[in-house]
Amino acid sequence: MAKLNSAEQTILDEIAGWKGRKPSFLNRATDVVSKPITWLTEKVIPDSVRASAGSMAESLAEKLRDLTQLTVDKEKVLEATRQYEIDSQTVLELRKASIFDLDNVSKEFISDNTRMAALSGVGTGLVGWPGLIADLPTLFMISLRTIHQIAICYGFDLNDENGEPGHREFELEYMMRVFKVATSADVIQKQRGLSELKDFEMGREIELAEGVGGEFTARQMGKNATSLVSQRIIREIVEQTISKKAAALVPGLGAIFSAGFNYVYLQDVGDAAFMLYRERFLLDKKGRRKVINIDIE
């Protein structure tokens, strides 16, 4: 436990302000553009696309069951931190580093992934529904990769073998809730996502305190986490993203919109992960573990 300095406290104030703000201007703009198209596609959307959306959610959930699918090379992250003279040999040791240095590292990963997502959207935006469906799995996996990389930057390792019972399942669900906050279309959805994240975190803290044993808790967490992620959160993210990305079907604008949409989408994912993992980092340092305050203006 340590007292935060004034600069670190300013970061928490910045995060509180971000929580109360509407999604980014460009995200709102794409939402406005896509609304008429969304209404139209609800009337004419092919059955094959609806089936593909459901299959996509199930497929992503299946990949998440094998947590190795989300493995990020921790050594590459640690190598990136050394460029800022951070001398940490393990991910856990990063929690002792300066948050300002870690911020620089996480911003680099966000920048790299936004460019990757934009490139993936250029070609797929040219071929209508098939391209849209083909692009989404890549977009989602880049998004989850970004969240995972940022988590590691601040010392939170999804695949920490020395973690407490249920650690990996908790971190996976935390990542998915960050993803849901990032894809919010308006401030109301954002508030709900943040509230859900807070409730999940606090509920898990109670579960660990009241569980009848470590092995039992780990088994129940693993069972429940997979079910929740596959049945609800992933489907919500898939459906919301498809409705927004439907504007990519406008003739002549598909490739441009798809590339731009992917870029903004990853920026929003990166911003949400950046803010929420920085907050976890500082609250852990302050001694207030697993508590996320929500300040809505």
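A few points about this structure:
- The set of residues from segment 180-199 being in contact (Cβ under 8 Å) with a residue 60 or more places away in the chain, surrounded by fewer than 22 Cβ atoms within 10 Å (Cβ to Cβ) and assigned to a helix (DSSP H, G or I) comprises V187, Q191, S195, L197, K198.
- Residues of segment 142-179 that turn out to be of a type outside the set (A, V, I, L, M, F, W, C) and part of a helix (DSSP H, G or I), as a count: 12
- Scanning segment 114-135 for residues that are at pLDDT 80 or above and either over 23 Å from the mean Cα position of the chain (by Cα) or crowded, with 20+ Cβ neighbours inside 10 Å (or both) gives T114, A117.
- Qualifying positions in segment 76-106 - touching a residue at least 60 places away in the same chain (Cβ under 8 Å) and outside any helix (DSSP H, G or I): V91
- Subset of segment 81-109 (residues that are among the small types (G, A, S), under 20 Å from K3 (Cβ atoms) and surrounded by 17 or more Cβ atoms within 10 Å (Cβ to Cβ)): A97
- Count of residues meeting criterion [touching a His at 6+ places or on another chain (Cβ under 7 Å) and either within 21 Å of R21 (Cα to Cα) or surrounded by fewer than 23 Cβ atoms within 10 Å (Cβ to Cβ) (or both)] in segment 154-174: 1
- Any chance A225 is modelled with pLDDT under 55, crowded, with 20+ Cβ neighbours inside 10 Å and over 20 Å from the mean Cα position of the chain (by Cα): no
- Just one of the listed residues (I237, I292, I233) is closer than 19 Å to F179 by Cα, modelled with pLDDT under 75, of a type outside the set (S, T, Y) and surrounded by 15 or more Cβ atoms within 10 Å (Cβ to Cβ), and it is I292.
The values are calculated or read from the model by the stated rules, or taken from the named source; none is laboratory data. Owing to the predicted nature of the structure, the values given are computational and were not obtained by experimental measurement. With ideal geometry, Cβ positions are generated from the backbone for all residues, glycine too; neighbour counts draw on all protein chains shown.
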